[in-house]
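**Q** Dropping the structure in here first, questions after.
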């Protein structure tokens with residue numbers, strides 16, 4: 001999974017993400033709006049492209065693996081709500097807060113622990129499509145953070161996890177009906193999370209996974225930002241008193 005070509009791909013990708021994010025640091029709202037709409041369309045193309053490839057090669061679609069019920073699917077499904085709904089509306093904020101927080105973690109995990117590399121070479125269609133998709137999952141929020149388009153609000157602590165809860169509903173239904181593994185409902189067979197699901201009761205594993213995803217998002221994004229903002233405001237208040 002972590003072969004030399006994969007590591008090189010990741011290093012180059014992170015460098016390009018940093019360069020693009022820096023390029024958009026002082027971008028206008030019009031440029032950012034175009035960027036968001038452009039990627040809302042681009043991201044929505046990845047699954048249909050794969051469906052065409054799968055149907056062409058196997059003559060059918062395997063519904064147990066090709067439905068957009070993965071955590072990473074939330075990126076392309078959330079992007080239209082960021083791009084085409086009123087700024088700061090509830091729906092817009094739910095999608096935006098997810099894209100810029102938990103989505104980054106999902107994208108990074110998918111880029112580093114890409115299961116397709118267990119079966120395909122990195123330059124073949126299936127893994128390269130997946131890797132590029134996960135790079136975009138990180139690139140989009142990097143630009144939104146860098147440009148200042150997204151800044152966490154306390155209400156985001158309630159909102160950013162809503163897409164995951166919504167996705168969990170059809171994932172749970174398909175698991176109950178067919179035993180499918182969307183959202184790791186069946187323990188994430190063949191993925192790194194199987195290490196944990198194999199030694200835990202299934203219900204406890206699922207609850208633990210959701211608590212972990214929520215907590216790590218808060219620790220990586222919300223709490224550091226809120227702490228930084230508090231320190232900055234206190235410093236500005238002290239400077240105002242000092243120079244007065």
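The values are calculated or read from the model by the stated rules, or taken from the named source; none is laboratory data. Predicted model only: the values in this text are computed from it and were never measured. Heads up, the Cβs are rebuilt from the backbone with ideal geometry, glycines too, and the neighbour counts pull from every protein chain shown.
**Q** When you go through 67, 123 one by one, which is the residue that is touching a residue at least 12 places away in the same chain (Cβ under 8 Å) and either buried (at least 16 other Cβ atoms within 10 Å of the Cβ) or touching a strand residue (DSSP E or B) at 6+ places or on another chain (Cβ under 6 Å) (or both)?
**A** Just a single option satisfies the conditions, and that option is 67.
**Q** Suppose the filter is assigned to a helix (DSSP H, G or I), out of contact with any strand residue (DSSP E or B) (no Cβ under 6 Å at 6 or more places or on another chain), at pLDDT 95 or above and over 19 Å from residue 217 (Cα atoms); does residue 86 pass it?
**A** Taking the combined requirement at face value, the residue does not satisfy it.
**Q** Looking for something surrounded by 13 or more Cβ atoms within 10 Å (Cβ to Cβ), touching a residue at least 60 places away in the same chain (Cβ under 8 Å), farther than 23 Å from residue 121 by Cβ and out of contact with any strand residue (DSSP E or B) (no Cβ under 8 Å at 6 or more places or on another chain) - is there at least one such residue anywhere in segment 42-56?
**A** The answer is yes, given that some residue of segment 42-56 is surrounded by 13 or more Cβ atoms within 10 Å (Cβ to Cβ), touching a residue at least 60 places away in the same chain (Cβ under 8 Å), farther than 23 Å from residue 121 by Cβ and out of contact with any strand residue (DSSP E or B) (no Cβ under 8 Å at 6 or more places or on another chain).
Results for (1) farther than 23 Å from residue 36 by Cβ; (2) in a loop (DSSP other than H, G, I, E, B), shown as yes or no for each residue.
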{"residue": "52", "(1), (2)": "yes, no"}
{"residue": "57", "(1), (2)": "yes, no"}
{"residue": "70", "(1), (2)": "no, yes"}
{"residue": "95", "(1), (2)": "no, no"}
{"residue": "103", "(1), (2)": "no, no"}
{"residue": "131", "(1), (2)": "no, no"}
{"residue": "139", "(1), (2)": "no, no"}
{"residue": "144", "(1), (2)": "no, no"}
{"residue": "153", "(1), (2)": "no, yes"}
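**Q** May I pose another question? Looking at the structure I just gave you, is residue 116 touching a helix residue (DSSP H, G or I) at 6+ places or on another chain (Cβ under 9 Å), assigned to a helix (DSSP H, G or I), surrounded by fewer than 20 Cβ atoms within 10 Å (Cβ to Cβ) and modelled with pLDDT under 95?
**A** In short, yes.
**Q** Right, another one. Quickly run through segment 196-209 and pick out the residues that are part of a helix (DSSP H, G or I) and either touching a residue at least 60 places away in the same chain (Cβ under 8 Å) or loosely packed, with under 15 Cβ neighbours inside 10 Å (or both).
**A** Hits for segment 196-209 are 202, 203, 204, 207, 208.
**Q** Determine if segment 149-165 includes at least one residue that is surrounded by fewer than 19 Cβ atoms within 10 Å (Cβ to Cβ), closer than 30 Å to residue 4 by Cα, at pLDDT 95 or above and in contact with a helix residue (DSSP H, G or I) (Cβ under 7 Å, 6 or more places away or on another chain).
**A** No, because not a single residue in segment 149-165 is surrounded by fewer than 19 Cβ atoms within 10 Å (Cβ to Cβ), closer than 30 Å to residue 4 by Cα, at pLDDT 95 or above and in contact with a helix residue (DSSP H, G or I) (Cβ under 7 Å, 6 or more places away or on another chain).
**Q** Kindly list, by first and then second residue, each pair from a residue in segment 160-182 that is closer than 10 Å to residue 64 by Cβ to a residue that is exposed (fewer than 12 other Cβ atoms within 10 Å of the Cβ), limited to pairs with Cβ atoms under 9 Å and residues at least 6 apart or on different chains.
**A** Qualifying pairs under 9 Å: 174/63; 178/63; 180/63; 181/190.
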